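Report on the following structure.
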């Protein structure tokens, strides 16, 4: 139909729209229409398209450029840990950390070669479930925060009883010298402040952070904790003067682009003037459905779109998070509540992610699964009062409560609410409340759930020079050639894109 209509434009100068004249000025009736819909489109059946509803209501940041740039920031206090490659006792480091048991004592001098798993510029680092692009030797990963007079904490394990990756304690060292060396490492000379007997340092090789590219897959921050060496303050004598300092580069840049969404409809004046049964105004009926169709298309793109400068498409949530964010498995047949809480622990690490703004969008199967997990204790387990002597109530024969102790659930359904017209289920966990939203668009994909921190997701409609492309409506009337039939044509246009930052604040389960 669009090929037949060939709408000539909307800058009419005289005549009447009602008469179908192709060069008309908008009369009073037409001028009273609202040609910019903005948020009104997202208000139509919000439960159908919850992600678009959320980002358009809480994450809207208009842009005046269809190819927009943005900046990510990673604070310096995120960048003050490293991993030990080798060490030496009053000698050039050459000993693997896990080579032999040692007994560092106070005032013993050691040298350590250190590396990191993050880039010094901006927000680039090892993320759960992704191939690690930042490991020993990569350009830009050299530790730069070590200073003379600094204290550092090095975890260890006891060779007789422990195991590499399970810490038994820690030692404390005072930095007396710092040298930037080849291989993007830093050589730290330090004297022992707090020692230990019969210990081994943690070997970063066991953490798969040493070697070629694509190492470190699936390593959560908590898994890597035993291998990390942290700065822990400084110590100076009185009157020693001004110490050295270090300068970080917290910013890195990215770019996004807007995508043009168009939905059009057309109808002749005869049909517009005809009163029909059930829904009398056919124009109104189709117009509402076209608006919902338009919104549906935007939701699909904002979830599953892949950014392409060739095709002028924006980057959707699934594409961004599956490429850069945390990734977890979610096989509902084998995934336990304990395993899911481990996932939440990695995602909601307070050093990287403030959980308060995270919304979990999931498909129908996961939505049901979460409710079964969180509702199980409340609906199927009877509470046993302490001291009652009732350890196995007959109404709940599967329950066992030793000594009459109370049962406890780490996940509990605490309520439902509407947020911007969307049904949100609140599930209380030991890591705070999960705000869970069912999203039917994910039902036919491999993506089971996506956690989006709304602080780091922005919906960017194109607005500038007095023109607003955030769901605008353009009206035209066209006369078909050799037919004399007047057609009313409306075109719904949205031009907007998504901006994403802080990859470790988002997660995907598949």
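The values are calculated or read from the model by the stated rules, or taken from the named source; none is laboratory data. The shown structure was predicted, so the numbers you read here are calculated from the model rather than taken from an experiment. As a convention, Cβ positions derive from the backbone with ideal geometry for all residues, glycine included, and neighbour counts pool all protein chains shown.
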Residue by residue through region 326-345, note down the ones that are in contact with a helix residue (DSSP H, G or I) (Cβ under 6 Å, 6 or more places away or on another chain) and assigned to a helix (DSSP H, G or I).
-> 337
Mind counting the residues in region 297-325 that are in a loop (DSSP other than H, G, I, E, B) and under 18 Å from the mean Cα position of the chain (by Cα)?
-> 7
Which of the residues spanning region 332-356 are modelled with pLDDT under 85 and buried (at least 20 other Cβ atoms within 10 Å of the Cβ)?
-> 346, 348, 353
Residue pairs within 8 Å by beta carbon, gap of at least six or interchain, first lying in region 275-296 and farther than 30 Å from residue 316 by Cβ, second outside any helix (DSSP H, G or I) and modelled with pLDDT of 90 or more, listed first then second, are 281/275
Within region 393-409, is even one residue modelled with pLDDT of 50 or more and surrounded by 10 or more Cβ atoms within 10 Å (Cβ to Cβ)?
-> yes
Would you mind stating whether residue 147 is touching a residue at least 40 places away in the same chain (Cβ under 8 Å), touching a strand residue (DSSP E or B) at 6+ places or on another chain (Cβ under 9 Å), surrounded by fewer than 17 Cβ atoms within 10 Å (Cβ to Cβ) and assigned by TED's automatic domain parsing to the domain that holds residue 175?
-> yes
If you go through region 238-253, how many residues are modelled with pLDDT of 85 or more and closer than 30 Å to residue 496 by Cβ?
-> 0
Can you pull out the residues in region 249-290 that are over 24 Å from the mean Cα position of the chain (by Cα) and either assigned to a loop (DSSP other than H, G, I, E, B) or assigned by TED's automatic domain parsing to the domain that holds residue 121 (or both)?
-> 274, 276, 277, 278, 279, 280
Within region 66-123, restricting to residues that are in contact with a helix residue (DSSP H, G or I) (Cβ under 9 Å, 6 or more places away or on another chain) and within 30 Å of residue 498 (Cβ to Cβ), the one that is surrounded by the most Cβ atoms within 10 Å (Cβ to Cβ) is 117
Yes/no for residue 311 being in contact with a helix residue (DSSP H, G or I) (Cβ under 7 Å, 6 or more places away or on another chain) and outside the structural domain of residue 124 (by TED's automatic domain parsing) = no
Which of the residues spanning region 179-195 are part of a strand (DSSP E or B) and over 13 Å from residue 152 (Cα atoms)?
-> 179, 180, 181, 185, 186, 187
Within region 198-225, work out how many residues are modelled with pLDDT of 85 or more, surrounded by 16 or more Cβ atoms within 10 Å (Cβ to Cβ), assigned to a loop (DSSP other than H, G, I, E, B) and touching a strand residue (DSSP E or B) at 6+ places or on another chain (Cβ under 7 Å).
-> 1
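Okay, residues lined up against (1) part of a loop (DSSP other than H, G, I, E, B); (2) more than 19 Å from residue 85 (Cα to Cα):
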site	(1), (2)
113	no, no
129	yes, yes
136	yes, no
145	yes, no
148	yes, yes
151	no, no
155	no, no
161	yes, yes
Top-ranked residue of region 263-279 - restricted to ones that are out of contact with any helix residue (DSSP H, G or I) (no Cβ under 6 Å at 6 or more places or on another chain) and within 10 Å of residue 487 (Cα to Cα), ranked as surrounded by the most Cβ atoms within 10 Å (Cβ to Cβ) = 269
Take region 163-178 and flag every residue that is closer than 18 Å to residue 224 by Cα and in a strand (DSSP E or B).
-> 163, 166, 169, 170, 171
What is the residue count in region 304-314 for residues that are more than 18 Å from residue 446 (Cβ to Cβ) and buried (at least 18 other Cβ atoms within 10 Å of the Cβ)?
-> 3
